[in-house]
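Following: one structure in structure tokens, then a few remarks.
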Amino acid sequence: MCGETQKFRESQNLKSETKICQSFQCKLFGNPSLPTIQICDTPGFMDSSGSDCGTIETIFDLLDSIQDNGIQIILFCLSATEVKCDKSVLDTLKKLVFLMGDLVQGSIFVVITQLNKIHPQQIDNKCQQIMAEVPGILEEAGIQINYDPMFFYYHGSKVNGLEKLQYLIETKETFRPEIVDDYKRLNDPQDREGTIDKMIEQNKKLLKVLAEMEEEKQKRLLNEQQQEEKLKLIQKQQQEDKKQREQEALKVKELENKLAQSMQRNEDEKKRIQEENGQLQRKIQQQKEKRKQEKEEQRNQLEEQFRIQSEQLDQKFVESQKNFSQILIEERKKERELLQKEIDQKEKDLQKQKELQQQKETEIQQKEKESSDQKEKEQTEQTKLQQEKQKETESKEQKKPEPKQQGSYCQIF
């Protein structure tokens with residue numbers, strides 16, 4: 001809000017950077033044409049690095065210093081990484097409202113910070129989620145501060161999202177907390193006594209609030225101590241696990257060295273076996289060549305023996321062929337004679353079959369002729385009978401009397 005010049009230290013994590021109340025006057029957003037503003041930066045409540053009592057005192061001192069001008073807006077900062085809020089943060093906000101009056105809620109606006117801790121591609125979805133969740137959180141806690149509009153602060157960005165506050169700063173009415181008005185009346189002799197009583201009552205309330213805040217802080221510190229103890233136990237366990245992993249790594253390294261040595265021995269053994277295999281293969285090759293030569297010699301000898309035997313067999317075959325041809329000729333003659341006899345016998349049988357066939361055919365022809373003659377006789381007899389019948393009918397017709405002639409007449413109806 002001060003422009004490019006950074007006047008206050010900004011935290012890039014959840015740990016508060018502000019240790020004391022600071023105030024600084026500047027042109028809004030560093031623009032000379034915009035009004036001059038006074039920005040007050042206060043420490044965070046429930047912070048283990050400081051005292052809440054001291055924080056309250058410094059805030060009251062700050063309110064006393066600006067009692068003439070009052071306050072236009074108060075920014076209530078929530079982290080985008082912890083939007084749901086710790087109960088102590090909401091309780092602290094309630095107590096501030098209690099101390100400064102209910103009307104202060106109309107001047108409090110919500111600012112979401114730590115957006116730089118969220119992945120750029122998830123910022124839009126996260127902002128939508130925050131806008132949907134924060135109203136319910138505040139309403140559930142019974143706090144009626146402004147959450148519409150809601151402001152999103154982008155740490156380290158030139159356009160940081162707080163530019164929209166300009167309209168509020170220029171138009172928002174100044175708010176003076178009740179405690180500031182009481183300080184003014186304290187200096188007025190007429191209201192001094194009543195104001196002192198009221199201040200005493202407010203101081204009692206303030207002491208009660210501070211006691212409650214201190215008690216909550218102690219509880220939180222106790223929880224933090226327990227968490228630290230748990231964290232230490234976890235770290236101790238992690239260290240032991242680390243040592244165990246280192247020991248396991250050493251064992252693994254030893255095993256790897258042993259494995260490497262074993263692999264080297266295996267490699268040497270493999271080379272030795274390969275050399276022995278090479279020697280055996282050479283011996284086997286020599287033996288194969290020697291056997292091949294022996295087989296070749298045996299083959300040549302066998303071929304020579306076979307040639308001699310084949311020549312001898314050829315001579316024997318020629319001699320036997322001569323004898324066999326004569327025997328074969330005689331056998332063939334006998335076979336021809338037997339075949340000729342069979343052929344003659346078959347021809348005789350065929351001749352007899354032909355004669356029998358001819359006899360059957362002649363018999364069939366005779367039977368057919370007799371049947372045809374019989375049919376002709378029957379036909380002649382039928383014709384004769386028909387002629388006789390015709391003659392009888394003609395003679396009967398001639399014997400019939402002729403019809404008498406009658407006079408003609410005409411009948412009229």
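The values are calculated or read from the model by the stated rules, or taken from the named source; none is laboratory data. On a predicted model such as this, the values are computed, not experimentally measured, just so you know. Neighbour counts run over all protein chains shown; Cβ positions are idealised from the backbone, glycine included. Please note that ligands, DNA and RNA were not included when accessible areas were found on the heavy atoms of the full protein model with its side chains. Shrake-Rupley method; radii C 1.70, N 1.55, O 1.52, S 1.80 Å.
Exactly one residue out of 115, 138 is in contact with a His (Cβ under 9 Å, 6 or more places away or on another chain) and surrounded by 15 or more Cβ atoms within 10 Å (Cβ to Cβ), and it is 115. Scanning segment 142-169 for residues that are open to solvent by less than 20 Å² (accessible area, probe 1.4 Å), at pLDDT below 85 and outside any loop (DSSP other than H, G, I, E, B) turns up 165, 169. Within segment 38-48, the presence of a residue that is surrounded by 15 or more Cβ atoms within 10 Å (Cβ to Cβ), among the acidic types (Asp, Glu), at pLDDT 65 or above and out of contact with any strand residue (DSSP E or B) (no Cβ under 9 Å at 6 or more places or on another chain) is excluded. With respect to residue 378, is the statement that it is at pLDDT 80 or above and out of contact with any Lys or Arg (no Cβ under 8 Å at 6 or more places or on another chain) true? In short, yes. Under 40 Å from the mean Cα position of the chain (by Cα), open to solvent by less than 100 Å² (accessible area, probe 1.4 Å) and under 30 Å from residue 91 (Cα atoms): does that describe residue 222? Against the criterion (under 40 Å from the mean Cα position of the chain (by Cα), open to solvent by less than 100 Å² (accessible area, probe 1.4 Å) and under 30 Å from residue 91 (Cα atoms)), residue 222 does not qualify.
Just so you know, in segment 118-135 the residues that are in contact (Cβ under 8 Å) with a residue 24 or more places away in the chain and hydrophobic (A, V, I, L, M, F, W, C) include one that is surrounded by the fewest Cβ atoms within 10 Å (Cβ to Cβ), and it is 118.
Please work out if residue 183 is of a type in the set (Ser, Thr, Tyr) and at pLDDT 80 or above. No; evaluated as a whole, the condition is false for this residue. Candidates in segment 18-37 are the residues that are touching a Lys or Arg at 6+ places or on another chain (Cβ under 9 Å) and closer than 30 Å to residue 216 by Cα; of these, the one that is modelled with the lowest pLDDT is 18. Does residue 250 satisfy the criteria of being out of contact with any Gly (no Cβ under 7 Å at 6 or more places or on another chain) and open to solvent by less than 100 Å² (accessible area, probe 1.4 Å)? Criteria not met by residue 250. Suppose the filter is out of contact with any helix residue (DSSP H, G or I) (no Cβ under 7 Å at 6 or more places or on another chain), of a type in the set (A, V, I, L, M) and at pLDDT 85 or above; does residue 338 pass it? Spelling it out, residue 338 is indeed out of contact with any helix residue (DSSP H, G or I) (no Cβ under 7 Å at 6 or more places or on another chain), of a type in the set (A, V, I, L, M) and at pLDDT 85 or above.
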